[in-house]
Amino acid sequence: MKKVLTALAVLTLSTTAAQAGSYISAGYGYISNSSDIKTAITKQKYKDTNLYTAAFGHDFAVLPLRAELEAFYSRAAAKRADDHMKAYGAMLNGYARVPLIGLYGGAGIGYGSVFNKSTPLAQGMVGLEYGFAVVNVGLEYRHTKSVGSAKRKNADIDYKTDAVMLKLRLGF
């Protein structure tokens, strides 16, 4: 029982406290790619790939909320052709936190470029974050998708990804 209480105390004290202030963050993740391009006669799928993110945001102290502007980048190879899908963009994200256990969830909207075609995007995130010394470390799941289809050479582009990410957040 003593070990359980000690572990619970360490876990609770190491979670991120609600501290007002700005922060920067970086993320690296692995995308399970469900994106595709459909034409009248074929459908091209894309391989899983990496995701890179960087963000600047603000953590609000009174409410366990934070808001950020995030940039992302990924590049995926086609499964059966010599083609790549490069995706990058900017998202405005909002998060709500449960401070004592480090759990958070959020949603974001923004614009991205997929095959150099602009498309609106939406995403949902859920994760766990803990504070260590000066940096917060988090593990996050996110689902990102295009809102509608972008067009490329008489083809519809549907951008859909699921990612598991490691995130680092530094407050100042």
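Counting Lys +1, Arg +1, Asp -1, Glu -1, what net charge surrounds I109 among other residues with beta carbon under 14 Å of its beta carbon?
0
Below 12 angstrom from the Cβ of N33, what's the summed charge of the other residues (Lys, Arg +1; Asp, Glu -1)?
Once positives and negatives cancel, what remains is +2.
Carbon-plus-sulfur fraction of the accessible area of the range 106-148, 1.4 Å probe, in percent?
70
What's the ranking of 158-167, 76-85, 48-57 by average number of surrounding C-beta atoms within 10 Å, highest first?
158-167, 48-57, 76-85
Return one whole number: the accessible area per residue of the range 57-145 in Å², for a 1.4 Å probe.
For the range 57-145, the per-residue accessible area is 50 Å².
Counting only protein heavy atoms and a 1.4 Å probe, tell me what percentage of the range 24-85's accessible area is made up of carbon and sulfur.
63
Give me the count of lysine pairs in the range 65-172 whose alpha carbons sit under 18 angstrom apart, restricted to pairs 8 or more positions apart or on different chains.
So the count works out to 12.
The values are calculated or read from the model by the stated rules, or taken from the named source; none is laboratory data. All values derive from a computational prediction rather than experimental measurement. Heads up, the Cβs are rebuilt from the backbone with ideal geometry, glycines too, and the neighbour counts pull from every protein chain shown. Protein only, heavy atoms only, side chains kept; ligands, DNA and RNA dropped before computing areas. Shrake-Rupley method; radii C 1.70, N 1.55, O 1.52, S 1.80 Å.
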